[in-house]
């Protein structure tokens, strides 16, 4: 279920790549991610990665950790179905029963999963220099930053588009902006909720739907979009 560039962690381990090499790779990847040229690329041609994380809880600052990564690549409104990524990771945290009930992820599944460093390495390799998209991205960004700092002493520098913020801008009259209700509003089938890859795929379809509305407002580039969102 993975399609990504770079050296998969299992292969890297087999050829003796040390943890220090993973750290160096992640740091180098993040070093130059806020390139100004990305702001001028038309949204119809923007290369993105839509992603989601499942976690042990809601507080990255109080011991909760990442359980799984899910992501899919897009170019403009086109979802590249064959370019998807999914990985469980062992974050060395107990999986609460209510999280198992919500996500289907058990303690045994994470105990047998790759270490966080390996999963993070593979995920960041898959992302490369693309702009990230997530729904309610503050949660995912906080957990990514905590994991990046813990493993590599660095922070996420990728530009991020938040579909919740897009919804608030396009439909300010709504009472709620949860993923489920927005998917239903756009007639996007809800399949496999709270599985990181399935949530990423559904969020990708939501972004695809929003791009149609965004283009009608003569918002052409990422710079235009950020300018409008900052006013809403």
Problem set entry | residue 167 being assigned to a helix (DSSP H, G or I), over 16 Å from residue 74 (Cα atoms) and touching a helix residue (DSSP H, G or I) at 6+ places or on another chain (Cβ under 7 Å) | yes
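Let's see how each residue does on (1) modelled with pLDDT of 95 or more; (2) closer than 25 Å to residue 80 by Cβ; (3) in a helix (DSSP H, G or I); (4) in contact with a helix residue (DSSP H, G or I) (Cβ under 7 Å, 6 or more places away or on another chain):
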{"residue": "117", "(1), (2), (3), (4)": "no, no, yes, yes"}
{"residue": "123", "(1), (2), (3), (4)": "yes, yes, yes, no"}
{"residue": "126", "(1), (2), (3), (4)": "yes, yes, yes, no"}
{"residue": "129", "(1), (2), (3), (4)": "no, yes, no, no"}
{"residue": "132", "(1), (2), (3), (4)": "yes, yes, no, no"}
{"residue": "143", "(1), (2), (3), (4)": "yes, yes, yes, yes"}
{"residue": "150", "(1), (2), (3), (4)": "no, no, yes, no"}
{"residue": "156", "(1), (2), (3), (4)": "no, yes, no, yes"}
Exercise. Restricted to the stretch 159-175, and to residues that are within 25 Å of residue 224 (Cα to Cα) and more than 18 Å from the chain's Cα centre (by Cα), which residue is surrounded by the most Cβ atoms within 10 Å (Cβ to Cβ)?
Worked result: 169
Exercise. If you go through the stretch 208-227, how many residues are in contact (Cβ under 8 Å) with a residue 40 or more places away in the chain and over 18 Å from residue 132 (Cα atoms)?
Worked result: 4
For this session: Can you work out which of the residues in the stretch 82-114 that are assigned to a strand (DSSP E or B) and touching a residue at least 60 places away in the same chain (Cβ under 8 Å) is farthest from residue 62 (Cα to Cα)?
Result: 82
For this session: Go through (1) out of contact with any strand residue (DSSP E or B) (no Cβ under 9 Å at 6 or more places or on another chain); (2) without any contact (Cβ under 8 Å) to a residue 40 or more places away in the chain; (3) buried (at least 19 other Cβ atoms within 10 Å of the Cβ) and name the single condition residue 121 misses.
Result: (2)
Seminar exercise, completed: Quick count over the stretch 177-204, residues being under 16 Å from residue 47 (Cα atoms) and surrounded by fewer than 20 Cβ atoms within 10 Å (Cβ to Cβ), is 0
For this session: Might you check whether a residue that is within 12 Å of the chain's Cα centre (by Cα), surrounded by 15 or more Cβ atoms within 10 Å (Cβ to Cβ) and free of Cβ contacts under 8 Å to residues at least 24 places away in the same chain occurs anywhere in the stretch 137-158?
Result: yes
Exercise. Would a scan of the stretch 209-219 turn up a residue that is within 20 Å of residue 48 (Cα to Cα) and in contact with a strand residue (DSSP E or B) (Cβ under 8 Å, 6 or more places away or on another chain)?
Worked result: no
Exercise. If we scan the stretch 189-207, do we find a residue that is out of contact with any helix residue (DSSP H, G or I) (no Cβ under 9 Å at 6 or more places or on another chain), farther than 30 Å from residue 21 by Cβ and free of Cβ contacts under 8 Å to residues at least 24 places away in the same chain?
Worked result: no
For this session: Filter the stretch 58-81 for residues that are touching a residue at least 24 places away in the same chain (Cβ under 8 Å) and in a loop (DSSP other than H, G, I, E, B) and give the result.
Result: 58, 63, 64, 65, 76, 77
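The values are calculated or read from the model by the stated rules, or taken from the named source; none is laboratory data. All values derive from a computational prediction rather than experimental measurement. Virtual Cβ from ideal backbone geometry, glycine too; neighbours counted across all protein chains shown.
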